[in-house]
Number of protein chains: 4
Amino acid sequence: MKSTTVSLRTLPSSEARRKRLEEVRGITLSHTGKFTFDEATASSRNCENMIGVAQVPVGVAGPVRLTHPDGNTADYYLPLATTEGALVASVSRGCKAITESGGASVRSSLVGATRGPVFKVRSLAESARLEAYVADQFLRLKEIAEATSRHLKLKSVTSTGVGLYRYIRFVYDTKDAMGLNMVTIATDRVVRHIEEATETACVALSGNFCVDKKPSWQNMVNKRGRPVWAEAVLSKAVLSDVLKTDAVHVFDTWMAKCMIGSAISGSMGFNAQYANVVAALFIATGQDPAHVVEGSMGITTATIVNGDALHIGVYLPDLMIGTVGGGTGLATQREALSLLGIGGGDDGAHAERFAEIIGGAVLAGEVSLLSSLAEQTLSRSHEKLARGKII
Amino acid sequence: MKSTTVSLRTLPSSEARRKRLEEVRGITLSHTGKFTFDEATASSRNCENMIGVAQVPVGVAGPVRLTHPDGNTADYYLPLATTEGALVASVSRGCKAITESGGASVRSSLVGATRGPVFKVRSLAESARLEAYVADQFLRLKEIAEATSRHLKLKSVTSTGVGLYRYIRFVYDTKDAMGLNMVTIATDRVVRHIEEATETACVALSGNFCVDKKPSWQNMVNKRGRPVWAEAVLSKAVLSDVLKTDAVHVFDTWMAKCMIGSAISGSMGFNAQYANVVAALFIATGQDPAHVVEGSMGITTATIVNGDALHIGVYLPDLMIGTVGGGTGLATQREALSLLGIGGGDDGAHAERFAEIIGGAVLAGEVSLLSSLAEQTLSRSHEKLARGKII
Amino acid sequence: MKSTTVSLRTLPSSEARRKRLEEVRGITLSHTGKFTFDEATASSRNCENMIGVAQVPVGVAGPVRLTHPDGNTADYYLPLATTEGALVASVSRGCKAITESGGASVRSSLVGATRGPVFKVRSLAESARLEAYVADQFLRLKEIAEATSRHLKLKSVTSTGVGLYRYIRFVYDTKDAMGLNMVTIATDRVVRHIEEATETACVALSGNFCVDKKPSWQNMVNKRGRPVWAEAVLSKAVLSDVLKTDAVHVFDTWMAKCMIGSAISGSMGFNAQYANVVAALFIATGQDPAHVVEGSMGITTATIVNGDALHIGVYLPDLMIGTVGGGTGLATQREALSLLGIGGGDDGAHAERFAEIIGGAVLAGEVSLLSSLAEQTLSRSHEKLARGKII
Amino acid sequence: MKSTTVSLRTLPSSEARRKRLEEVRGITLSHTGKFTFDEATASSRNCENMIGVAQVPVGVAGPVRLTHPDGNTADYYLPLATTEGALVASVSRGCKAITESGGASVRSSLVGATRGPVFKVRSLAESARLEAYVADQFLRLKEIAEATSRHLKLKSVTSTGVGLYRYIRFVYDTKDAMGLNMVTIATDRVVRHIEEATETACVALSGNFCVDKKPSWQNMVNKRGRPVWAEAVLSKAVLSDVLKTDAVHVFDTWMAKCMIGSAISGSMGFNAQYANVVAALFIATGQDPAHVVEGSMGITTATIVNGDALHIGVYLPDLMIGTVGGGTGLATQREALSLLGIGGGDDGAHAERFAEIIGGAVLAGEVSLLSSLAEQTLSRSHEKLARGKII
């Protein structure tokens, strides 16, 4: 059976597609058609069959004061694209608490973008030979991979065999790009070489050993992209004045929710709400929003220090981000990155700074929500802003 | 230390805030300022400290033919908000394959929105008393909860004790709304009642027993929101003509990637790419994008049938969605929902249909990506569209 | 190729088999042949092709004072079958600390033995019909199941569909028996009835939806067998005199190890060492030692109370145990159960008491090991007992 | 409150303890007192407060033909200590099927015994310094560790920081010993050195980053001890004659149970029954039975090959085993190891062979159970042996 419905692909512009859909469906798409970026570029790079845009409100939280590992301290305004009332206000409150406490320390490391193809072998012996080949030929594989782009370095390769399958995880430095596209191309070349050299067939270029856009212990344990840590010490005064609570109550809430609650629920998120903040920053800055899944994993910690202050830390093991490529080149997204001072590439330094800013922003979100919950002011305070949100 | 930076909260409009930020940062935010929805409404309901919008390109995939449980069949154009080139084209290819195979069957069920507060008790005996109280008083608690909103029904309550903590999971029917806000308010009322009646303190209104916006086995095993299933049988001809592959190769790819690859990686996503499609639909239609985390979980199945055809199914145990409330009322998002014919509320029927459409869309994504991987046409085909994407 | 090696099955006795193996392998099995139980019975009920026994040393820890939910308090000597030096001494130390603190409170609940067969359907529609059938016909299925044994009650049935598979979890009360055998027979009868009534085929009587003898979140979240809780409050004096530590240090150790360490490691065991104690009790009393896997899951909690005392609790969600059937009838195992005062059946009361005793014993193990670790006396103290054990 | 109950520790012998318990409890422990190993040795090395033994029946399954990676093929009789009727018969059937198919190929690798202490730091900066110290000083730490025993090599060190905690995983080669005791002593020395050199405090010598005796993704993903693989190809004739089934039915059962059933249940055991076989071999040979938990994890694979034959493979990522030390020196356990030809140490070769034998034994168990389930002969066949067992 052939579908008799209209084909949108052949139409020349977003306007033509909107018109056709408006006719066919009897609807109006007038708001969708209002955008200011260059349609030709976006159509070819970001979105096929384009009909326009979703306008997602962007609010600004902060500023939040962050101290980077090099000792530099800066204040950041955080662009948050969200439709969920109370989020910006909540993160702002956390930023205020952090900044008034002297700021947060942030730190990231580069694990890198990964691709994990899977090969089908005929026996355990062949699987072992493939394992050995990949280990022995690392320098050759690296050469092949790096010939595909000057922006990419192959850092390491690991593999695991299961039955007639061998999974190989390639880890790359892709500088300021999130990099999955270039990593896929590079891995494809390497895989072709391995197939020829070993007469083994690759079943899938991505064997869920990457692991891309799915929650996974592989990434939680071995990390991916740019893991980030942030910490702050909230004084008794800040806890009381800004957050309307105290160290003991926030600690108790954290223990009950982020530790034991997550344990009993089988969660990979031992945190209060990383996903909210990560999603808002990702959409504002043109990241791939499916990577919010990976950014939702991680562990928040709380420790009472000096009697009445609270050390609070966040750890996100798996942030896939970039300041070039993907959606970062679109007009509004580029503006959001410029607000953070990290638009464009800088040999990895921009992406590194971005990871650290995300760490600080996520910390602000945790500080605020855990404090809210601690005081049970939650639904009361939110009925005013946006009925009943826990953010 | 007080932050000396400018406060945005006191400024009267998004324009004033943009100007201030442009001055302070030496940047331009001109594109960000271009939007068409009503600022006053969005400022109060969706986003504090608003400075404008992120313009996220929306493409249309499909149509895809879906048969609902009531026997009705309809063709849907899918609005996908994305910045990742190749996604719309890929989903479209999947839609074509499904539709030319006679369409997909879709089915959903209503579990409901959940809140899982945590109480602190003083002993196992008190924990047992609290457990008994909640079970015995269900009708009373239901009355209290439902007094907070006529759109909400308390369906069930379960609880688990761990040490001095008792976690209680309240499950609600919230009709066409995703409903977390009203659920939070209702649970807050119920919790206050329990606190008074039992002299037990609630430590956190959300104890990560909900589990909201984090990957969790609680939700994977016991489901949340509107779980959805979709299935299609792809004929040999469709597999060959539309997808350039055959049943055996797609099956092998699925097995290596979605089953064994996900198993060895400790993933909750035994699928190829649910998150991509879920994220694009969520952003286009005003869902909470942090819920993409929950929508990334689930299991794709593949079975060779009739010798050379392929039955392919998707199962998403945890979709938190709505057609009213949250971001669904914004101008472009409302248009996207109207394209699907499900804008506004309809006593739960719109949300149910929406879940089923998402199931069909996710199925289309799986069909296309697994086929792509199967043929290793992957990086070659994508270099033309958007260098090297696996979508 | 036929194996030319000797067949043991045809030989008439364990002695004959030992002799044959001694000849064939040139070894001696003289110790293996020393046992005192009735060979005929054990050969038919417990172990085919018997050649004798493994003699596993049994030590006694305790006594530990436990208060049951009915208010009765008793002191228990714990029979621990182990070859790992230091375990009995360590548990004894924990028992002493608990008893000198006034004893532990213990509590269990009956979830029940489960079987989770899987059916293969031809479509989502058929899957939905099967789901409805099972729900609607519960009383009929219960009747069929319970006709297979007067010791068994079918308590509930739940099901989940994934693609062309439907998993059904049958939950049974099997009184004092661990009960998997009778549960399997009963489920087999029910499954045959469902197959005939619905014309749907069961693919496997156990579809890993039970989940038997594998770590699983299904059992961690929804529990299995007889979940158990135990708690004690250790005073400052006991912490100091018996355990050579204090509340703060044990708390810190617990937090670093059982909470954050287990979170970062993706463990289902948020505890120090349940498996050691569970294994030792299981082997001594004739439980199925493969069920140690399920008994290793669970959460230990620690809370500082009254300034300098420590509340410590254990929660084991999945204990599959019995006081009749399986290995409980063997001579030495029966003696171990008699030491606990729970040999034989008592309409479920013995198994319930046994669960509670295991809870108390596991608590003793946690108290001791966490204290040891807290004081870093670990390797020093154990070099004396058994070089370097962490127990 | 002092416990007034009798102390067993001061009594001079197992006989004296039995007598005292018999008096106090009014029971008899006559069978428990029947053992043949040397009491003095066992009392000091294996079990404090000894009162005697648990006699666990040992049956012999096999022989099973295994081909080792060096090309050597041998037939093994498998000593299985079990009280669960049907297990030995089931494994024997699997052994027969494997052997008549030409035997299984087995392969293992040495990851090593691990210890994962946790340090408490005062800031992210200090955590980073500790990370750097451990990486930089590897050779020095190796020297310190290896000075504690000539049987141990420190292979590698990895670490992860979370908040104010840093977890360090030390991986050792312990030759033929399971080795946790020596590993604990060595790690203790290294930890003391690190504490002094860095002025950082170790909170727990085992921070559940090892991960010992708990199910964990850390070990599933990164492996532990001696991972092992085994594979066999079962011909149509063997499937039919020995196993009463065929390739398609076993494949279907495996898919429904080990893959999708385990996925939907959140299990780390994508297998049918590793724990049964691992437990029986562990108890017979004097392994630490709490390590059955780790041995229960792993993935079974099934692939139809050559049209009607079945390739079946097992993968156990985490086997903690030894042929010297622990319970391996006890009389009956030593005899069981001698039956396998691997008693005592051989520079790691015995432990390696043992791992491979376990792989073959586990494969036999999977072959038999999956075949049983496939034919639904399950409960019928087992009613004859031991009512209703699924083994």
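Per residue of chain D, what 222 nm ellipticity follows from adding -39500 (n - 2.57) for every DSSP H run with n ≥ 4, rounded to the nearest 500? Mind showing how you got there, number by number?
On the way: 15 runs with 160 residues, N = 391.
Computed mean residue ellipticity for chain D: -12500 deg cm²/dmol.
Ranked by how many other Cβ atoms sit within 10 Å of their own Cβ, fewest first, the residues D:H291, B:H193, C:H350, B:H311 fall in the order B:H193, B:H311, C:H350, D:H291. Label-point spacing for B:S240 across the identical copies (point 7 Å from Cα in the Cβ direction), in nm and ascending order: 3.2, 8.0, 8.6. Within the listed set D:I27, D:I299, D:I144, the Gaussian network model of chain D (springs between alpha-carbon atoms below 10 Å) gives the highest mean-square fluctuation for D:I27. Between the residues D:L80, D:A113, D:Q55, the greatest Cα displacement towards the positive end of the dipole of segment D:43-142, with unit charges on the Cβ of Lys, Arg, Asp and Glu, is found for D:A113. Taking chain C as a Gaussian network of alpha-carbon nodes connected by springs under 10 Å, the highest mean-square fluctuation of the residues C:M259, C:M50, C:M178 belongs to C:M50. When only alpha carbons are used to place a centre, segment B:108-136 and segment D:240-268 end up 37 Å from one another.
Comment: the Cα-to-Cβ extended label point of B:R122, at 7 Å, lies 3.9, 6.4, 7.4 nm from its counterparts in the other copies, nearest first. The convex hull of the Cα atoms of chain C, projected and averaged over all directions, covers 23.8 nm². For chain A, the longest principal axis of the alpha carbon atoms and the long axis of helix A:87-100 meet at an angle near 70°.
Need one word for segment D:116-228: rounded, prolate or oblate. Basis is the Cα gyration tensor (sqrt eigenvalues a ≥ b ≥ c); a/c below 1.5 gives rounded, then a/b vs b/c decides. Note, shape of segment D:116-228 comes out oblate. Distances between equivalent label points of A:S44 across the copies, with each point positioned 7 Å along Cα→Cβ, amount to 4.6, 8.3, 8.4 nm, shortest listed first. The convex hull around the C-alpha trace of segment D:67-116, projected and averaged over every direction, spans 5.6 square nanometres.
Ranked for footprinting exposure by Cβ neighbours inside 10 Å, fewest first, D:S216, A:S109, D:S44 give D:S44, A:S109, D:S216. Once backbone amide H atoms are built at 1.01 Å from N, D:K155 has D:V171, D:Y172, D:D173 as its partners under 5 Å, excluding neighbours fewer than 5 places away on the same chain.
The Cβ shell under 15 Å around B:P215 holds other residues with a net charge of +1, Lys and Arg each +1, Asp and Glu each -1.
3J(HN,Hα) couplings calculated from phi for segment A:181-188 with the Karplus curve 6.51 cos²θ - 1.76 cosθ + 1.60 (θ = phi - 60°) are, in sequence order, 5, 5, 5, 5, 5, 5, 5, 4 Hz; Gly and Pro show x.
Mind running the shape call on segment A:8-59? Use the C-alpha gyration tensor, a ≥ b ≥ c as the square roots of the eigenvalues: rounded below 1.5 for a/c, prolate if a/b tops b/c, oblate otherwise.
Here segment A:8-59 falls in the oblate category.
Using only alpha carbon pairs under 8 Å that are at least six residues apart, calculate the relative contact order of chain A and give it in whole percent. Before the final figure, lay out each step's value.
On the way: 810 pairs, mean separation 78.7, N = 391.
Worked out over chain A, it gives 20 percent.
Considering only C-alpha atoms, what is the centroid distance from segment B:191-220 to segment C:1-75, in Å? About 49 Å separates the Cα centre of segment B:191-220 from the one of segment C:1-75. To the nearest ten degrees, helix C:349-375 and the longest principal axis of the Cα atoms of chain C are 40 degrees apart.
What percent do you get for the relative contact order of segment B:205-281 when only Cα pairs under 8 Å and 6+ apart count? Intermediate values should be presented prior to the final figure.
Values: 26 pairs, mean separation 16.0, N = 77.
For segment B:205-281, the relative contact order is 21 percent.
Between 0 and 90 degrees, the angle of helix C:14-25 with respect to the longest Cα principal axis of chain C falls at about 80 degrees.
Along the charge dipole of chain A, which of A:S44, A:A290, A:Q333 sits closest to the positive end, that is, farthest toward it, with unit charges on the beta carbon of Lys, Arg, Asp and Glu (+1, +1, -1, -1)? Sorting the options by dipole projection puts first A:S44.
Let me check I've understood the local charge: for D:S109, count other residues with C-beta under 13 angstrom from its C-beta, Lys and Arg +1, Asp and Glu -1. What total comes out? Intermediate results must be reported in sequence, preceding the final value.
Details: positive: D:R107, D:K155, D:K223, D:R224, D:R226; negative: A:E131, D:D173, D:D318, D:E352, D:E356.
Taking every other residue near D:S109 into account, the sum is 0.
The string of couplings for segment A:202-215 from the Karplus curve (6.51, -1.76, 1.60, θ = phi - 60°) is 7, 7, 8, 5, 10, x, 6, 10, 6, 9, 9, 6, 9, x Hz, one whole number per residue in order, with x for Gly and Pro.
What percentage of all Cα-Cα pairs in the protein assembly as shown are separated by more than 45 Å? Walk me through the intermediate numbers first.
Details: 484321 of 1222266 pairs.
Cα-Cα pairs in the protein assembly as shown separated by more than 45 Å: 40 percent.
In which sequence would D:E199, A:E100, B:E366 go, from the one with the fewest C-beta neighbours within 10 Å to the one with the most? Ascending Cβ contact count within 10 Å gives the list D:E199, A:E100, B:E366.
Send over the Kirkwood Rh of segment D:162-266, from the inverse of the averaged 1/r over different Cα pairs, rounded to one decimal Å. Don't skip to the answer; put the middle values down first.
Details: mean 1/r = 0.0551 Å⁻¹.
Radius from the Kirkwood sum: 18.2 Å.
Among the trypsin sites (Lys or Arg not before Pro) in segment C:145-254, which ones are in a DSSP loop with at most 10 other Cβ atoms within 10 Å of the Cβ? Mind listing them? Within segment C:145-254, the qualifying trypsin sites (Lys or Arg not before Pro) (loop, at most 10 other Cβ atoms within 10 Å) are C:R150.
Among D:L310, D:L373, D:L29, the largest mean-square fluctuation in a Gaussian network model of chain D (Cα springs under 10 Å) belongs to D:L29. Distance to the D-onto-A rotation axis is smallest for one chain D Cβ; residue and value in angstrom are D:W217, 2. By DSSP, the beta bridges lying fully in segment A:8-137 are antiparallel in about 80 percent of cases.
Taken together, the values in this text are just the output of simple stated rules run on the coordinates, not laboratory data. Everything quoted here is computed from the prediction, not taken from an experiment. Don't worry about glycine lacking a Cβ; one is built from the backbone with ideal geometry, like all the others, and counts go over all protein chains shown.
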